[in-house]
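The values are calculated or read from the model by the stated rules, or taken from the named source; none is laboratory data. All values reported here derive from a predicted model rather than from experimental measurement. For neighbour counting, all protein chains shown are included, and Cβ atoms are generated from backbone atoms with ideal geometry for every residue, glycine included. What goes into the accessible areas is simple: the full protein's heavy atoms, side chains included, and nothing from ligands, DNA or RNA. Shrake-Rupley method; radii C 1.70, N 1.55, O 1.52, S 1.80 Å.
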Amino acid sequence: MTQHPIISLDHATVAIGGRAVLRDVSFAIAPGEFIGVLGPNGAGKTTLMRALLGLVPASVGTLRVFGAPPARGNAAIGYLPQLRTVLPDLRVRGLDYIASSLHGERWGLPSLSAADRDAIEHTLDAVGAADLARRPLSEMSGGERQRLLLAQALMGNPKLLLLDEPLISLDARHQEVVIGVVRRIARERGITVLFSAHELNQLLGAIDKVLYLGNSHAALGTVDEVVTAPVLSTLYDTEIEVVRAAGHIFVMSRGRDVERDAHMHDHGHGHEHHGHHH
Amino acid sequence: MFQYDFVINAFIAAGIVAVVSGVTGYFLVMRGQTFAGHALSHIGFAGATGAGLIGLSPLAGLVGFTLIAGIAMGMMGERLANRDVAIGVVLSLALGFGILFLYYYTSFATQATALLFGNVLAVDLAMIKALSALGAATLVLLALIMRPLIFATLQPELAEAKGVPLRFISTVFLALVALAVAACAQIVGVLMVFALMVGPAAAAQRLVNGLWSGLVLAAALAVAEAWLGITIAYHTDWPVSFCIALLSALVYFAAAFRPTARHAH
């Protein structure tokens with residue numbers, strides 16, 4: 001690799017509550033790469049992102065972001081946490097929601113300068129969500145909230161974007177919109193992206209590489225290198241078949257699509273409301 | 001009615017407490033911690049009656065107990081998986097202790113009624129000074145932590161990643177809620193702090209979207225309800241706390257069931 005990596009793990013072990021979520025993992029991500037982060041539920045996609053943010057330390061080995069150990073409050077990292085259905089009837093405007101995150105770690109009274117306001121509106125515009133500035137959060141659909149959070153992650157021109165399941169609870173059309181927006185902005189601004197998702201297929205056209213997590217291990221490479229029966233069988237700890245058909249890739253275990261199963265399992269309840277676009 | 005000092009004192013005290021309650025309550029509602037505020041007031045009842053038993057002023061006991069309980073709740077953080085249940089158990093235990101203290105100190109009974117249901121018409125100058133100090137302390141603390149408090153409330157995961165000390169913020173916030181509750185209990189009583197802390201704030205959040213407009217409206221509604229409540233009580237001879245609670249409920253339900261234009265876009 002000619003360039004210094006943005007993210008590098010060297011024999012890193014990351015444990016939560018005594019359980020090694022990642023064990024002896026090594027990989028390096030080059031600047032500007034768009035990485036799809038995949039793997040079964042509980043494989044450590046969220047934990048990896050939290051480790052990169054400095055919220056979970058590596059217990060063994062080294063973990064580096066921009067060549068330094070991860071530290072909280074790194075302004076060069078934009079983060080979109082996994083959406084949780086909190087504060088459903090909060091009537092906070094999109095603009096105020098994003099504003100709360102600007103210098104939100106400082107003490108004192110909140111304030112919003114004209115420059116901050118312009119920056120927020122500019123960023124909302126960049127993700128095609130200018131109208132969300134004045135709308136309350138409680139009236140946004142799942143897709144609109146994700147775009148709002150994406151805009152927020154882009155505030156301050158980060159060099160690295162950590163997007164944790166930004167497609168969750170979105171229908172296929174909105175998923176494509178979100179992927180397209182991230183892809184475009186990442187290319188324009190040279191941002192490195194870690195984009196976790198349940199299903200590989202929606203990401204196929206957008207990602208440069210895939211980081212597959214599972215069974216405390218990780219495999220990084222192109223889709224052709226990683227999404228193969230031998231690699232995934234190790235990561236899922238069970239015999240995996242990879243079937244390619246009509247431009248799609250199906251990861252099967254004993255005749256079942258494991259990604260789709262995980263997805264169904266995750267979203268069998270609590271559907272987000274869509275389509276307030278009358 | 002303003003020819004009487006006790007009415008003027010009541011208006012001043014209620015005005016101070018209403019502003020503090022409305023503003024503090026706004027964040028309590030935003031964080032979904034109204035039940036914690038309710039519990040703090042009940043714990044304060046045990047503190048006040050306990051203080052009476054050992055010869056201290058009830059207000060000192062009230063402030064001391066709510067403050068300790070608020071800090072303890074904040075430090076426990078999310079470790080209590082089911083906080084509502086734990087808070088509920090502590091709440092009833094605190095009321096139980098309050099009753100036990102009363103049992104041993106029966107002459108305190110009239111003051112107990114004032115503690116439970118409020119007695120704003122008996123406020124004197126010393127109490128106004130105490131309420132001013134409590135209110136000022138609450139608002140200063142709130143002003144110091146307001147920015148990270150809002151961030152931590154709206155987006156805890158991101159706030160944590162950006163370096164906001166979530167537990168510290170939560171603890172300071174519950175400590176200042178404890179001070180506000182202690183002040184509020186002097187006006188409407190420990191059983192009815194919801195009337196001034198939650199009702200106006202919840203109504204304000206349903207009526208306006210902006211932060212500052214919401215805070216101003218919450219405080220204004222609380223002051224209006226408190227003053228109007230005292231006025232109605234003066235003319236009808238009904239208990240003040242009833243009048244304030246009634247106004248609070250009316251305003252809240254009017255705001256909650258206000259027809260909205262949410263599908264207009």
Run B:Ile150 past the list (1) within 11 Å of another protein chain (Cβ to nearest Cβ); (2) within 17 Å of B:Met73 (Cα to Cα); (3) crowded, with 24+ Cβ neighbours inside 10 Å; (4) touching a residue at least 60 places away in the same chain (Cβ under 8 Å) and report the number of the one that doesn't hold. (2)
Would you check if B:Val188 is modelled with pLDDT under 95 and either within 14 Å of chain A (Cβ to nearest Cβ) or open to solvent by less than 30 Å² (accessible area, probe 1.4 Å) (or both)? yes
B:Val140 fails exactly one of the following numbered conditions: (1) surrounded by fewer than 13 Cβ atoms within 10 Å (Cβ to Cβ); (2) touching a residue at least 12 places away in the same chain (Cβ under 8 Å); (3) under 19 Å from the mean Cα position of the chain (by Cα). What is the number of that condition? (2)
Output the number of the condition that A:Arg23 fails; it satisfies all remaining conditions of (1) part of a strand (DSSP E or B); (2) under 19 Å from the mean Cα position of the chain (by Cα); (3) among the basic types (Lys, Arg). (2)
Residue set B:His38, B:His42; condition within 16 Å of B:Met192 (Cα to Cα), part of a helix (DSSP H, G or I) and open to solvent by 20 Å² or more (accessible area, probe 1.4 Å); output residue B:His38
With respect to B:Val181, is the statement that it is in contact with a Ser or Thr (Cβ under 6 Å, 6 or more places away or on another chain) and touching a residue at least 12 places away in the same chain (Cβ under 8 Å) true? yes
Looking at segment B:153-179, which of the residues that are crowded, with 22+ Cβ neighbours inside 10 Å, more than 11 Å from chain A (Cβ to nearest Cβ) and not aliphatic (A, V, I, L, M) is farthest from B:Leu196 (Cα to Cα)? B:Ser170
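Under 12 Å from the mean Cα position of the chain (by Cα) and of a type in the set (A, V, I, L, M): which single residue out of A:Val193, A:Val226, A:Val210, A:Val177 fits that description? Outline the logic, then answer.
Details: A:Val226 fails: under 12 Å from the mean Cα position of the chain (by Cα); A:Val210 fails: under 12 Å from the mean Cα position of the chain (by Cα); A:Val177 fails: under 12 Å from the mean Cα position of the chain (by Cα).
A:Val193 is the lone residue from the list that is under 12 Å from the mean Cα position of the chain (by Cα) and of a type in the set (A, V, I, L, M).
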What residue, among those in segment A:100-137 that are open to solvent by less than 20 Å² (accessible area, probe 1.4 Å) and closer than 27 Å to B:Thr34 by Cβ, is farthest from the other protein chains (Cβ to nearest Cβ)? A:Leu137
Between residues in segment B:52-76 that are closer than 13 Å to B:Val177 by Cα and residues that are basic (Lys, Arg), which pairs lie under 8 Å by C-beta distance while being six or more apart or on different chains? B:Gly74/B:Arg167
Find the residue count for segment B:199-252, including only residues that are open to solvent by less than 20 Å² (accessible area, probe 1.4 Å) and more than 14 Å from chain A (Cβ to nearest Cβ). 14
Quick check on A:Leu87: is it open to solvent by 30 Å² or more (accessible area, probe 1.4 Å), modelled with pLDDT under 85 and at the interface with another protein chain (Cβ under 9 Å from one of its Cβ atoms)? yes
Could you grab the pairs with beta carbons closer than 7 Å, sequence gap of 6+ or different chains, first residue in segment B:184-195 and closer than 14 Å to B:Ala48 by Cβ, second one open to solvent by 30 Å² or more (accessible area, probe 1.4 Å) and modelled with pLDDT of 90 or more? B:Gln186/B:Met127
Do you know which of the residues in segment A:44-59 that are over 15 Å from A:Ser8 (Cβ atoms) and out of contact with any Lys or Arg (no Cβ under 7 Å at 6 or more places or on another chain) is farthest from the other protein chains (Cβ to nearest Cβ)? A:Ser59
Condition check for B:Leu28: open to solvent by less than 10 Å² (accessible area, probe 1.4 Å), within 14 Å of chain A (Cβ to nearest Cβ), more than 15 Å from B:Val120 (Cβ to Cβ) and in contact with a Gly (Cβ under 8 Å, 6 or more places away or on another chain): yes
Tell me, please, whether a residue that is touching a residue at least 12 places away in the same chain (Cβ under 8 Å), closer than 30 Å to B:Ala201 by Cβ, in a loop (DSSP other than H, G, I, E, B) and out of contact with any strand residue (DSSP E or B) (no Cβ under 7 Å at 6 or more places or on another chain) can be found in segment A:30-48. no
Meets criteria (more than 11 Å from chain A (Cβ to nearest Cβ), among the β-branched types (Val, Ile, Thr) and more than 15 Å from the chain's Cα centre (by Cα)) for B:Val123: yes
